[in-house]
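Below is one structure; the comments refer to it alone.
Taken together, the values in this text are just the output of simple stated rules run on the coordinates, not laboratory data. For clarity, every value in this text was computed on a predicted model and none was experimentally measured. No Cβ is skipped: glycine too gets one built from the backbone with ideal geometry, and neighbour counts run over all protein chains shown.
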Amino acid sequence: NAGVMQNPRHLVRRRGQEARLRCSPMKGHSHVYWYRQLPEEGLKFMVYLQKENIIDESGMPKERFSAEFPKEGPSILRIQQVVRGDSAAYFCASSPGAGNTEAFFGQGTRLTVV
Amino acid sequence: AQKVTQAQTEISVVEKEDVTLDCVYETRDTTYYLFWYKQPPSGELVFLIRRNSFDEQNEISGRYSWNFQKSTSSFNFTITASQVVDSAVYFCALSEGLGAGGSYIPTFGRGTSLIVHP
């Protein structure tokens, strides 16, 4: 049973380009969370999704950022018109569903904006 | 609102020393969950433990132990006989109640960087 898969592991974008980060949850997991880790800081919650639905996006910046988790395929975190301040590690986690279980994290995507 | 405080930014020890990483949390919920994660230099996040608010028993796993004290809202993590491979950033996290959709969204502390010198 593969863990949470994130790709790419490293992504370099020029200012103004778009960044697309992908997350394939663990098999059987229908809940996905995205977190951002800025240098020297902890993880900040961005968005929580279930299949085809955004449940909580209270941590998402209001502009340029969007997320989806389609019925088929991975969850996508999309950052339009990237700026240097978007440089960070973006982690995806998944959990099986309702009720508490631990969230399993992927290895992260390190976005560098040049 | 939930909050997690890891007051120790960085701890430096010599191999074989015991070390305790502190975690203090704030929550208004009576049902909540506490977690510890390890982030080694390679960057991935490794789950270490989950504890629910109704279980105050201390936990030991090899050289790792956790002390959950509801009276002081603390969930401290001790590494006994530390090793160089323990060098990492350690995060404490809290998820409270039932969030939207019936799931729990962990809130993380800022992390404690542990450096174990040979």
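Details
- The fewest-to-most ranking of A:MET46, A:MET5, A:MET60 by surrounding Cβ atoms within 10 Å reads A:MET5, A:MET60, A:MET46.
- Ranked list, fewest to most other Cβ atoms within 10 Å of each Cβ, for A:TRP34, B:TRP66: B:TRP66, A:TRP34
- Ordered by the count of other Cβ atoms within 10 Å of each Cβ, fewest first, A:PHE105, A:PHE91 give A:PHE105, A:PHE91.
- Summarised as an ellipsoid, chain A has semi-axes of 23, 14, 13 Å, derived from the eigenvalues of the Cα gyration tensor scaled by 5 and square-rooted, with the largest first.
- Size of electric dipole in the range B:6-118: Cβ of Lys, Arg +1 and of Asp, Glu -1, about Cα centre, debye, nearest 20: 140 debye
- Across the range B:42-58, rounded Karplus estimates of 3J(HN,Hα) from the backbone phi angles (6.51 cos²θ - 1.76 cosθ + 1.60, θ = phi - 60°) give 5, x, 6, 9, 10, 5, 10, 7, 10, 9, 8, 5, 9, 10, 9, 5, 6 Hz, Gly and Pro being marked x.
- Radius, Kirkwood style, for chain B when every pair of distinct Cα atoms is counted (Å): 14.5 Å
- Count, lysine Cα pairs under 28 Å in the protein assembly as shown, 8 or more residues apart or across chains: 17
- Inter-part distance where the range A:25-104 and the range B:1-23 are each reduced to a Cα centre, Å: 27 Å
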